[in-house]
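Asks: Here it is, the structure in full.
Computed from the coordinates by the stated procedures, all read-outs in this text should not be read as laboratory data. Computed from a predicted structure; not experimentally measured. Neighbour counts run over all protein chains shown; Cβ positions are idealised from the backbone, glycine included.
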Amino acid sequence: MNHNLFSKISKVAPVTMIVCGLLVSGAAAMAQSESGADNNPSSLKPCSNATLSGDYGFVLEGVILGPGFPIRGVVMQHYDGNGHITQVDHIVTNGVPPALPWTRGTGSYIVHPDCTGVGTIDSPSNPVPVKLHFVVVKDGRQINQVVDANAVTTIGNKVD
């Protein structure tokens with residue numbers, strides 16, 4: 001009797017597993033398409049420099065490569081909608097706060113129609129311009145950035 005039961009289970013189990021796998025992958029795809037609509041950089045609405053307009057508050061964290069110093073900070077960036085950025089930041093490097101409470105910077109940015117973009121920030125706290133790559137999400141209400149040349153990422157939300 002155990003042999004017959006095992007035989008029946010071994011015939012039904014693979015079909016059940018395949019059906020369950022298809023249901024799970026279909027549910028995951030539906031959840032991803034529903035939740036990913038706000039985060040999809042290639043949404044139906046094309047982006048441009050005008051997509052970024054106003055103030056964005058960022059949280060910054062990462063590591064300065066080479067010495068391996070951890071950095072954490074906050075940044076307030078202002079995008080003018082025409083490709084120009086102004087900002088202030090407060091970045092703690094290896095546990096040491098900056099000499100000035102807020103460091104000012106200026107720069108430029110380009111937003112591509114697929115909502116990806118690049119930017120450059122000049123700041124007296126950095127000897128070379130800071131190069132950024134970013135993705136604009138949530139219809140311009142959020143910016144996800146990575147700083148080139150270091151392991152530093154930021155997430156910025158539009159200030160209402």
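Asks: Using a 7 Å offset from Cα along Cα-Cβ at Val88, what residues in the range 44-68 end up with backbone N under 20 Å from the label point?
Replies: What the label zone holds, given the 20 Å backbone N cut-off, is 53-61.
Asks: Along the Cα-to-C-beta direction of Ser108, a point sits 7 Å from the Cα; which residues of the range 77-91 have their amide N less than 17 Å from that point?
Replies: 79-87
Asks: Further question on the same structure: Choose one of Val146, Ser125, Pro98: the residue whose Cα lies farthest towards the positive end of the charge dipole of the range 49-158 (beta-carbon charges +1 Lys, Arg; -1 Asp, Glu; about the Cα centre).
Replies: Ranked along the dipole, the leading option is Pro98.
Asks: Continuing with the same structure: Calculate one ³J(HN,Hα) per residue across the range 57-67 by plugging θ = phi - 60° into the Karplus curve 6.51 cos²θ - 1.76 cosθ + 1.60, and present them in order as whole Hz with x for glycine and proline.
Replies: Karplus-based 3J(HN,Hα) across the range 57-67 equals x, 10, 10, 10, 8, x, 9, 7, 5, x, x Hz.
Asks: In whole angstrom, how long is each semi-axis of the equivalent ellipsoid of the range 87-160, when you take the square root of 5 times every eigenvalue of its Cα gyration tensor and sort them from largest down?
Replies: 23, 14, 12
Asks: Can you give me the distance in nm between label points at Lys45 and Glu61, each placed 7 Å from the Cα along the Cα-to-Cβ direction?
Replies: Spacing of the two 7 Å Cα→Cβ label points: 3.0 nm.
Asks: Evaluate the charge dipole of the range 39-136 about its Cα centre and quote only its size in Debye, nearest 20, assuming +1 on the Cβ of each Lys and Arg and -1 on the Cβ of each Asp and Glu.
Replies: With Lys and Arg at +1 and Asp and Glu at -1, about 80 debye.
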